[in-house]
């Protein structure tokens, strides 16, 4: 599983699934905390919808953590103040990087969680579309008459 896909599932997915995975790793191998969870600021980058030029919205609070398992590092970062979750993400990331045998059993669960996230996003999109307002410009109005 690619890193970006895994991270998206871990960040947006069910907290209980992440907690369960991290606990499974902790029961089997030693997890060394390289950098304990700490708060930091990151610049939030966006793209102007008209000019398509990038710009910075401002700063965002993140919690980040780094751990190692058998010499392989894992990194966890999450928006907001959530030290426990950043640690758990780092542990799961390190387990994947260390290629622990138990990560193969996680793939079906992660794929189910990914489908659940997609369904949630679709429901949110549908709700937003129901509240969308259509604006006719005067040009459109005059062209119709």
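Do you know which residues across the range 16-35 are in contact with a strand residue (DSSP E or B) (Cβ under 9 Å, 6 or more places away or on another chain) and surrounded by 12 or more Cβ atoms within 10 Å (Cβ to Cβ)? Even if it seems obvious, please write down each step before you answer.
Within the range 16-35, the subset in contact with a strand residue (DSSP E or B) (Cβ under 9 Å, 6 or more places away or on another chain) is 25, 29-35.
Selection gives 25, 29, 31, 32, 33, 34, 35.
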Examine the range 61-78 for a residue that is surrounded by 19 or more Cβ atoms within 10 Å (Cβ to Cβ), assigned to a helix (DSSP H, G or I) and in contact with a helix residue (DSSP H, G or I) (Cβ under 6 Å, 6 or more places away or on another chain), and state whether such a residue exists. no
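Does residue 114 count as modelled with pLDDT of 95 or more and either at negative phi or exposed (fewer than 10 other Cβ atoms within 10 Å of the Cβ) (or both)? Reasoning before the result, please.
Details: modelled with pLDDT of 95 or more: yes; either at negative phi or exposed (fewer than 10 other Cβ atoms within 10 Å of the Cβ) (or both): yes.
Yes: the conditions hold for residue 114.
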I want to confirm something. Restricting to the range 1-15 and keeping residues that are in contact (Cβ under 8 Å) with a residue 60 or more places away in the chain and not in a helix (DSSP H, G or I), which single residue is surrounded by the most Cβ atoms within 10 Å (Cβ to Cβ)? 13
Go through 41, 61, 10 for me and flag whichever is under 20 Å from the mean Cα position of the chain (by Cα) and within 18 Å of residue 95 (Cβ to Cβ). 10
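The values are calculated or read from the model by the stated rules, or taken from the named source; none is laboratory data. Nothing here was measured: the structure is a model prediction, and the numbers come from that model. Quick reminder, even Gly has a Cβ in these numbers, built from the backbone with ideal geometry, and neighbours come from all protein chains shown.
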